[in-house]
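Working notes, beginning with the structure itself.
The values are calculated or read from the model by the stated rules, or taken from the named source; none is laboratory data. Computed from a predicted model, the values in this text were never measured in an experiment. We place every Cβ from the backbone using ideal geometry, glycine too, and count neighbours over all the protein chains shown. We work out accessible area using only protein heavy atoms, side chains counted, and drop any ligands, DNA or RNA first. Shrake-Rupley method; radii C 1.70, N 1.55, O 1.52, S 1.80 Å.
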Amino acid sequence: MDSYVPPFSPVPPLSSSRSRNIHANAEEDSDELANPPKIEDNLGAVPHGLSTDSDVVKRESESMSKKTLRNTAEKFEFQAEVSRLMDIIINSLYSNKDIFLRELISNASDALDKIRFLSLTDKEVLGEGDNAKLEILIKLDKEKRILSIRDRGIGMTKEDLIKNLGTIAKSGTSAFVEKMQTSGDLNLIGQFGVGFYSVYLVADYVEVISKNNDDKQHVWESKADGQFAISEDTWNEPLGRGTEIRLHLREEAGEYLEEAKLKDLVKRYSEFINFPIYLWATKEVEKEVPADDDDTSDEEETKTTNEWELLNDVKAIWLRNPKEVTDEEYTKFYHSLAKDFGDEKPLAWSHFNAEGDVEFKAVLFVPPKAPQDLYESYYNNNKASVKLYVRRVFISDEFDELLPKYLSFLQGLVDSDTLPLNVSREMLQQHSSLKTIKKKLIRKALDMIRKIAEEDPDENDGKDKKDVEKSDDDEKKGQYTKFWNEFGKSVKLGIIEDATNRNRLAKLLRFETTKSDGKLTSLDQYISRMKSGQKDIFYITGTNKEQLEKSPFLERLSKKGYEVIFFTDPVDEYLMQYLMDYEDKKFQNVSKEGLKLGKDSKDKEIKESYKELTKWWKGTLASEKVDDVKISNRLADTPCVVVTSKFGWSANMERIMQSQTLSDANKQAYMRGKRVLEINPRHPIVKELRERVATNPEDDSVKQTARLMYQTALFESGFLLDDPKDFASRVYDSVKSSLNISPDVAVEEEDDTEEPEVETKEDDSSPKEEADGVKDEL
């Protein structure tokens, strides 16, 4: 499922003082916790689905034998992808089964968020009394081996139960199944919106009791055997509103019936949930027993009682002073926020308060890894990664206007004191404060990324080396390279999309060059190494570095000691259409016209001496659509190359565009750069051609050679040949000539005489006899 909705949905508020007190251990002006649920002498009087008085027990016993679907229930088949997912989970050898509780609590929190949000515009949805208490309750029944998790959230209708828990597989289901088959890591289940199904790591029978304000109370149940059942609930205690999940634990999952284990899991995974989590805990208290008349001292006896114990009492991180929050707390908060419970820490975080006309608090994180689908549907994906709060009230995690698309990989949270609470999403989008918030978030995000580079010792080689040597923080070593490998494409997309921050983003660019020895380098580092008098930043685009290193376009540049940037990502071609200059230095593609390497005193003389050849060569290639033939200043060992006009497509860009399924041939013809053949006046082949053209310009063999050289130059310069067959024929003709074979010699004719078919005598032995013979030989 893409996103798990009802009992595990997003968004929410509270209007009552009781609700506000519960939601944020978060309140800025008070650290006081919400009052825990009251325990009454008669537990049956407590309107909880977790109550266990004798009437409730009686009603439950009527439900049917454990782990058997009710006969009177409406049966449904699981959608194929959901069944596949459940099979993987049930048969998993995954050792960390603890994750199920984290997922259920996270879903319960989402459901509470949802009802709280609805209460902003309709206070009646919360109801009164216990229903208005937005909390999560956990209870154990050791005798029956049942673990129950209850929330007072939005709840689910019957239709929601069918849709969200079985029959409709959303994209997240398939994506998670795919991920599991490659990595086997169930820990990522929450990120795909299918965390509920982790219950089958520990349970073989699950009941989901749910009540939505718009429907009656229903029970969903399944043994994960390919089907589930739904009944109208007439036997359980009325929930009022919300969802209770009952896990009938497997024999080997007995540890989850221990209070200490559950407390540890909540502390580890759910410490930063913004609603109170209570456990029905056992306590031993000492009670005084009155002494006998003849005994002057009172006696004490131990009595076991139960009470709701609050498990998460941490104030919301974003409301605390950043100096008081530890790295471990930030890491835990990131894992909870991003539903990423891997072992890796976030690469960086930024926690800040914005003051002035628009006030807000924010925490931003750079994840350690990019989501697998980050760029697959980049322009069609409206998925947000920053949660929006207004005055501690969660508004939405689907509000994608807070950050631009290129920063959508960041995780975080924004809590605004300026935005209005009870308005629609559309009105929020138009609010004047939103632009200011977005502007500040972008600046802080880019500063946070820049800081990763500044603190990375590998980024400071040769610069501030003394300071780097003093630092013993090895954790920061190689961090920016890691960031670049995961999110470098996002920086490039930002340069394309965000003109305002283009220069800031350009500082974050990294690439390999002809002088970087396999390491990444920045534009600032490149400029610091530029030769005296060099005015342009040289670069070349292509498929891979190994191919580019052998490019004829680099020959003279390398000999003269110039450094050239390698751009090998297809997006680089688009990037360089927007990044025209940096620090007053222009960018120059060395495979295009306009390359300047300083003037040679003999240039004019050389051009004059080759004037007749270049004119003749251009005429010879008239049918090839060659715009011009010129003397090259970029070649050393190669006789000729083909360059394109400064503002047309490069050979690499032509190849990229031709490979696109829906490319427009007419547009390609229009955008294709003018081709210019550049020749090396110092090369012996070119010199010889000049002599032969001067002797006999109509010599067909010389013309053939000129055309072959052009086609070879096209191929070596990275272009796709329009007519590979013609090129191959010219090569073979050249081979004939070198072997002194007459061009008129034809291929020897094949002998077409048909040979008569020879009948072969079939062996009389049967297959069985042959097999027996083989056996005998063995």
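Here region 89-155 exposes an accessible surface that is 48 percent carbon and sulfur, computed with a 1.4 Å probe and the other protein chains kept in place. Under 5 Å between amide hydrogens, built in the peptide plane, is the criterion, and for Val390 it picks out Ile395, Ser416 among residues at least 5 positions away or on other chains. Phi angles of region 515-523 translate, via the Karplus equation with coefficients 6.51, -1.76, 1.60 and θ = phi - 60°, into HN-Hα couplings of 10, 8, 6, x, 9, 7, 9, 10, 5 Hz per residue; Gly and Pro are given as x.
For region 361-419, the share of accessible area belonging to carbon and sulfur comes to 43 percent (1.4 Å probe, ligands and nucleic acids excluded). Expressed as a whole percent, the accessible surface of region 556-632 that belongs to carbon and sulfur atoms is 46, based on a 1.4 Å probe. Remark: the Cα gyration tensor places region 580-718 in the oblate category, a/c being 1.5 or greater and a/b not exceeding b/c.
Converting phi to 3J(HN,Hα) with the Karplus coefficients 6.51, -1.76 and 1.60 and the offset θ = phi - 60°, region 542-548 yields x, 6, 7, 5, 4, 5, 5 Hz in sequence order, with x at every glycine or proline. Here the ratio of the Cα radius of gyration of region 317-455 to 2.2 N^0.38 Å is 1.02.
When you count the other C-beta atoms within 10 angstrom of each residue and take the mean per peptide, 410-420, 201-211, 617-627 line up highest first as 201-211, 410-420, 617-627.
Solvent exposure of region 509-590, expressed per residue, is 47 Å² of accessible area, with all protein chains present and a 1.4 angstrom probe. Applied to region 533-539, the Karplus parametrisation 6.51 cos²θ - 1.76 cosθ + 1.60 on θ = phi - 60° returns per-residue 3J(HN,Hα) values of x, 6, 9, 10, 9, 8, 8 Hz, with x for Gly and Pro. Rolling a 1.4 Å probe over the protein heavy atoms gives region 317-455 an accessible area of 46 Å² per residue. Report note on the peptides 723-733, 228-238, 741-751: ranked by the mean count of other C-beta atoms within 10 Å, highest first, their order is 228-238, 723-733, 741-751. A 1.4 Å probe run over region 606-741, with the rest of the protein chains in place, finds 57 Å² accessible per residue.
Once the gyration tensor of the Cα atoms in region 509-590 is diagonalised, the equivalent ellipsoid follows with semi-axes of 17, 16, 12 Å, ordered largest first.
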